[in-house]
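Heads up: the structure comes next, in structure tokens.
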Amino acid sequence: MTGAASRRYRMMTERVAFGIIRLLAGLVVITLGGIVLFLIYQGARAVNWSFLTEAPRDAMTKGGIFPAIIGTFYLTIGSSLIALPLGVASAIYLSEYAREGWLLKLIRLGIQNWAGVPSVVFGLYGLALFVVFLGFGVSILAGSLTLGFLILPTVIGASEEAFRQVPSTFREASLALGATKFQTICRVVLPSALPGVLTGSILGIGRAAGETAPIMFTAATFYTKHLPTSPLDQVMALPYHIYVLATSGTHIDQTRPLQYGTVLVLISLVLGINIFAIIIRTRMRRKKTW
Amino acid sequence: MVATSDIVIEVRDLDFYYGDIKALRGVSLNIKRNQVTALIGPSGCGKSTFLRLLNRMNDLIPGTRVEGQVMFEGQNLYDEDVNPVDIRRRIGMVFQKPNPFPKSIFNNVAYGPRLTGIKDKKKLDELVVRSLKQAAIWEEVKNSLDKSALSLSGGQQQRLCIARALAMAPEVLLMDEPTSALDPIATSRIEELVEVLKKDYTVVIVTHNMQQAARVSDDTAFFYMGEMVEMGNTERLFTKPEKQQTEHYITGRFG
Amino acid sequence: MTLTMGEGDVQMSTLSAGGNHASESTTRGVELKVQEGISKYFFLAAASTSLLVMALIMIFLFREGLAIFGKVNAVSFFFGKAWYPTYDPPEFGILALIVGSVSVTLFSSLVAIPLGVGTALYLSVLAGPTVREYVKAAVELLASLPSVVLGFLGMVVIAPTMQELLDIPTGLNIVSASIVLAIMAIPTITSISEDALYAVPRDNLEASYALGATRWETMSRILVPGALSGIGTAVILGMSRAMGETMVVLMVAGGAAQIPSSLFDSVRPMPASIAAEMGEAPFGGEHYHALFAIGIVLFLMTLVFNLVATYISTRFQQKGASTL
């Protein structure tokens with residue numbers, strides 16, 4: 001092969017290869033973008049004020065999704081109340097107190113893999129432990145605990161990472177001034193790590209809001225007229241509502257607009273929470289100067 | 001012979017281990033009140049390690065061990081009932097690289113006093129102003145106390161860190177190569193400051209810069225390979241060193 | 001050598017040294033010591049609680065699941081082809097469910113790997129910085145799309161379309177479930193792969209260019225090999241996610257507990273079985289225990305995936321300039 005021919009061949013290969021890569025990436029972007037636009041378009045036709053503020057009527061073929069919004073709200077808040085304090089405190093122990101060594105490595109490995117446990121397994125766990133063994137029944141409490149423990153590893157992982165990124169010189173400076181370890185953690189480490197802790201926690205909360213499988217047997221109910229009055233009540237929830245309307249109603253096609261509307265509300269909530277986390281992260285990164 | 005009361009810190013036969021590695025061997029020396037003591041030597045000689053032993057900062061490194069005694073005002077710092085937190089309040093420290101907290105200038109200086117439970121705004125104000133003046137940075141920052149400490153230049157940050165240490169009213173101030181990250185002008189300001197500080201404080205300064213040791217210190221200790229080779233009056237040590245290793249070092253034959 | 005011992009021109013207020021704050025009140029010192037001790041145990045308690053929860057997951061899963069082996073022997077449980085949990089007498093053979101899970105996982109990764117890795121390559125090699133930043137953020141955002149939404153989409157859009165186009169009995173089958181699972185896994189794969197590609201030292205790429213390599217040659221011989229462990233981790237995590245995903249397979253895979261003979265057959269992957277039947281299985285009955293046993297299988301399979309991913313990412317960590 002002459003030099004020129006070889007060169008032409010090399011350039012050709014490159015052009016073909018890059019063409020394929022562009023095609024693949026284009027396909028992904030168009031598909032993902034198309035899905036979101038499609039859901040927004042379909043959902044926007046169903047969502048209006050009364051859809052958001054009324055209860056379902058006529059065997060769930062008409063009316064709104066207010067109880068499901070409230071239910072998801074309670075479950076999300078409930079799971080945050082469990083996962084955030086416990087997760088951040090655990091992360092503080094792991095990063096500030098625990099000695100480096102094989103045990104800590106093993107614990108980190110466990111936490112990392114815990115985050116990959118399928119959510120339906122958490123559903124089983126919640127059913128066995130909270131609903132049956134501890135006798136909470138199918139309730140907000142049982143669902144919040146299940147979701148809370150589902151996102152706990154995410155919160156611990158993100159927080160520990162954030163703590164470890166705080167420069168050790170900050171800790172040294174504080175300790176050299178005679179601060180106790182606890183004072184150093186509260187006044188220096190925690191404030192410096194806050195953006196990272198918040199981002200990780202909010203991403204976890206976003207996940208909790210959108211999960212279906214863990215709450216199917218622990219918290220969610222097909223239909224209830226009443227808004228919950230105690231943590232031991234069952235609730236309707238947005239993800240479960242979508243599943244139920246789409247699979248087990250008697251008028252599946254008739255309720256299609258309601259399904260799309262519920263989908264739009266759910267993705268607005270989940271993506272909104274995630275966008276919020278991303279904004280916090282970028283803003284804090286810009287401010288960070290160490 | 002110096003009277004005992006003039007000695008603030010008396011170190012006796014100090015050994016220090018990182019795991020199995022013996023980093024300091026049988027160091028004994030005295031730190032005199034209201035004087036500047038310089039610790040010099042080639043890098044890795046153990047001078048910074050030694051400095052951090054004086055306020056138990058090495059406690060923070062896992063797997064380390066100390067043998068021997070560090071008598072501070074008559075008490076061994078390494079006695080079991082001594083709380084390192086109390087020691088660090090009485091023996092302040094300034095680090096190699098300026099390390100202000102990502103807080104405002106005011107809050108950096110007020111950090112220490114607040115730890116001790118001072119909440120009174122007036123008292124805090126007074127302490128902050130006094131410390132900033134002492135550290136010779138007041139004039140530069142008096143109109144921007146609410147600004148982030150990280151907005152200051154390196155030299156200003158280091159003087160702020162000194163102010164932060166002074167706000168605790170320590171009895172001894174340890175300085176670990178405090179000018180190594182600074183330009184010559186900022187360095188000379190810190191050196192001038194050290195001269196003034198010794199009126200009120202006892203200062204121990206680690207430096208890799210022999211001229212700096214000669215300029216600021218009264219006593220100098222020369223460390224080499226984990227041992228304290230020679231200590232004495234700075235002028236004497238630099239002009240008539242007793243040990244050959246010292247002479248080699250100060251005449252620039254190694255290090 | 002001269003010594004400058006004179007006064008500096010430093011401004012100085014009059015102040016006497018001493019006045020140690022700590023010694024002013026010893027009660028505060030004691031208070032702090034107590035606080036220090038309590039706080040340590042508080043954080044220790046929190047960490048222990050977290051670990052206990054983690055342990056309890058396994059304990060309860062195994063306690064409830066292993067009970068089935070008192071009634072059914074392990075061989076007929078794992079290799080039995082018939083899953084008729086509510087018949088009389090019931091049959092608990094989960095082979096069809098395992099095959100269902102494996103088939104959708106494998107087929108979805110066939111779809112997701114080229115698309116996910118291709119997108120990562122596009123972002124790291126071909127895209128401009130602005131496109132890269134926005135597309136990456138958008139892709140990561142879509143990783144958080146709730147699975148029930150994607151399952152819904154598969155049910156109402158993909159399955160009917162496929163049924164009509166190909167004229168097959170049902171659109172709820174391996175292919176459509178796999179497509180939806182792939183859509184779900186792509187953001188994970190793209191995001192982690194892109195991080196890995198980004199972490200390949202720029203020096204190596206420059207060295208390759210300096211030797212006259214084209215962009216494609218540099219990419220295929222330096223960039224991709226350099227990021228291979230990261231890409232491998234991404235792929236395995238994506239597969240693990242597909243394996244454990246519930247709502248998509250519950251809604252789109254068709255739900256037939258049979259060993260498929262074609263890609264257009266319906267299947268009933270393990271998570272779908274658990275989710276669909278747990279509501280009806282009486283507490284403490286054989287069916288209940290059998291579903292927990294499926295949970296154990298699922299747990300262990302995804303655990304293996306995750307451990308392999310962790311192993312790859314730590315064992316073959318990229319060696320950059322810093323380690324030289």
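Need a quick list: helices (runs of 4 or more DSSP H) entirely within the range C:128-168 having at least 2 residues that are surrounded by fewer than 20 Cβ atoms within 10 Å (Cβ to Cβ) and free of Cβ contacts under 8 Å to residues at least 60 places away in the same chain.
C:129-142, C:159-166
Under 20 Å from A:Ile77 (Cα atoms) and not aromatic (Phe, Trp, Tyr), is that true of A:Leu227?
yes
Is the range A:253-263 home to any residue that is over 23 Å from C:Gly151 (Cα atoms) and not hydroxyl-bearing (Ser, Thr, Tyr)?
Scanning the range A:253-263 turns up no residue that is over 23 Å from C:Gly151 (Cα atoms) and not hydroxyl-bearing (Ser, Thr, Tyr).
Which of the residues that make up the range C:100-127 are crowded, with 20+ Cβ neighbours inside 10 Å and either over 17 Å from the mean Cα position of the chain (by Cα) or facing chain A (nearest Cβ under 7 Å) (or both)?
Within the range C:100-127, C:Gly100, C:Ser103, C:Leu115, C:Gly118, C:Thr119, C:Ala120, C:Leu121, C:Tyr122, C:Leu123, C:Ser124 meet the criteria.
Please determine, by comparing only the residues of the range C:250-274 that are within 10 Å of chain A (Cβ to nearest Cβ) and aliphatic (A, V, I, L, M), which one is farthest from C:Phe292 (Cα to Cα).
Going through the qualifying residues, I end up with C:Met251.
Inspect all residues belonging to the range A:104-125 and state whether any of them is out of contact with any strand residue (DSSP E or B) (no Cβ under 8 Å at 6 or more places or on another chain), more than 28 Å from C:Ala185 (Cα to Cα), small (Gly, Ala, Ser) and surrounded by 24 or more Cβ atoms within 10 Å (Cβ to Cβ).
No, the conditions are met nowhere in the range A:104-125.
So which of A:Ile92, A:Ile70, A:Ile65 ends up being touching a helix residue (DSSP H, G or I) at 6+ places or on another chain (Cβ under 7 Å) and at pLDDT 90 or above?
Exactly one of A:Ile92, A:Ile70, A:Ile65 is touching a helix residue (DSSP H, G or I) at 6+ places or on another chain (Cβ under 7 Å) and at pLDDT 90 or above, namely A:Ile92.
Identify all residues within the range C:218-267 that are of a type in the set (D, E, K, R) and surrounded by fewer than 18 Cβ atoms within 10 Å (Cβ to Cβ); write none if there are none.
Within the range C:218-267, just C:Arg221 meets the criteria.
Any idea which of A:Ile215, A:Ile202 is among the aliphatic types (A, V, I, L, M), over 21 Å from C:Ala159 (Cα atoms), within 13 Å of chain C (Cβ to nearest Cβ) and surrounded by fewer than 24 Cβ atoms within 10 Å (Cβ to Cβ)?
After applying the criteria, what remains is A:Ile202.
Here's the yes/no breakdown for (1) at the interface with chain C (Cβ under 9 Å from one of its Cβ atoms); (2) modelled with pLDDT of 90 or more; (3) more than 21 Å from B:Cys45 (Cα to Cα); (4) buried (at least 19 other Cβ atoms within 10 Å of the Cβ):
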| residue | (1), (2), (3), (4) |
| --- | --- |
| B:Val172 | no, yes, yes, yes |
| B:Glu177 | no, yes, no, yes |
| B:Ala181 | no, no, no, no |
| B:Leu193 | yes, yes, yes, yes |
| B:Val196 | yes, yes, yes, no |
| B:Val206 | no, yes, no, yes |
| B:Gln212 | no, yes, no, yes |
| B:Ser217 | yes, yes, no, yes |
| B:Phe222 | no, yes, no, yes |
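I'd like the full set of residues that are more than 27 Å from the chain's Cα centre (by Cα) and within 14 Å of another protein chain (Cβ to nearest Cβ), limited to the range C:197-218.
Within the range C:197-218, C:Ser208, C:Tyr209, C:Leu211, C:Gly212, C:Ala213, C:Thr214, C:Arg215, C:Trp216, C:Glu217, C:Thr218 meet the criteria.
Can C:Arg221 be described as among the basic types (Lys, Arg), closer than 24 Å to C:Val149 by Cβ and assigned by TED's automatic domain parsing to the domain that holds C:Leu106?
no
Condition first: crowded, with 21+ Cβ neighbours inside 10 Å, within 7 Å of another protein chain (Cβ to nearest Cβ) and in contact with a strand residue (DSSP E or B) (Cβ under 7 Å, 6 or more places away or on another chain). Can you find one or more residues in the range A:192-199 that meet it?
no
Does the range C:275-308 hold any residues that are within 9 Å of another protein chain (Cβ to nearest Cβ) and closer than 12 Å to C:Gly255 by Cβ, and which are they?
C:Ala275
Could you please let me know if C:Thr161 is over 24 Å from A:Ile215 (Cα atoms) and modelled with pLDDT of 90 or more?
The answer is yes for C:Thr161.
Check off (1) more than 8 Å from every other protein chain (Cβ to nearest Cβ); (2) in contact (Cβ under 8 Å) with a residue 60 or more places away in the chain; (3) not basic (Lys, Arg) for A:Gly272 and give me the number that stays unchecked.
(2)
Step by step: first the residues of the range B:108-130, then only those that are assigned to a loop (DSSP other than H, G, I, E, B) and more than 10 Å from every other protein chain (Cβ to nearest Cβ), then the one that is surrounded by the fewest Cβ atoms within 10 Å (Cβ to Cβ). Which residue is that?
By that ranking, first place goes to B:Lys119.
Say we look at the range B:73-107 and pick out the residues that are part of a strand (DSSP E or B) and of a type in the set (Gly, Ala, Ser); which of these is nearest to B:Gly155 (Cα to Cα)?
For the range B:73-107, the residue satisfying everything is B:Ser104.
Output the residues belonging to the range C:200-241 that are of a type in the set (Lys, Arg), farther than 30 Å from C:Ile183 by Cβ and at pLDDT 85 or above.
The one that is of a type in the set (Lys, Arg), farther than 30 Å from C:Ile183 by Cβ and at pLDDT 85 or above: C:Arg221.
Looking at the range B:73-110, which of its residues are among the hydrophobic types (A, V, I, L, M, F, W, C), under 22 Å from B:Glu177 (Cα atoms) and touching a helix residue (DSSP H, G or I) at 6+ places or on another chain (Cβ under 7 Å)?
Answer for the range B:73-110, where residues must be among the hydrophobic types (A, V, I, L, M, F, W, C), under 22 Å from B:Glu177 (Cα atoms) and touching a helix residue (DSSP H, G or I) at 6+ places or on another chain (Cβ under 7 Å): B:Met93, B:Val94, B:Phe95, B:Phe101, B:Val109.
One residue is enough: does the range A:167-179 have a residue meeting the conditions free of Cβ contacts under 8 Å to residues at least 40 places away in the same chain and closer than 16 Å to C:Phe43 by Cβ?
Yes, the range A:167-179 has at least one match.
Residue check: is C:Phe62 under 29 Å from A:Ala91 (Cα atoms), more than 10 Å from chain A (Cβ to nearest Cβ) and not β-branched (Val, Ile, Thr)?
yes
Suppose we filter B:Val94, B:Val66 for residues that are at pLDDT 90 or above and over 26 Å from A:Cys186 (Cα atoms); which single one remains?
B:Val66
With the structure loaded, tell me whether A:Leu238 is farther than 21 Å from A:Gly87 by Cβ and at pLDDT 90 or above or whether it fails that test.
So A:Leu238 passes the test.
The values are calculated or read from the model by the stated rules, or taken from the named source; none is laboratory data. Please read these numbers as outputs of a predicted model, since none were measured by experiment. Don't worry about glycine lacking a Cβ; one is built from the backbone with ideal geometry, like all the others, and counts go over all protein chains shown.
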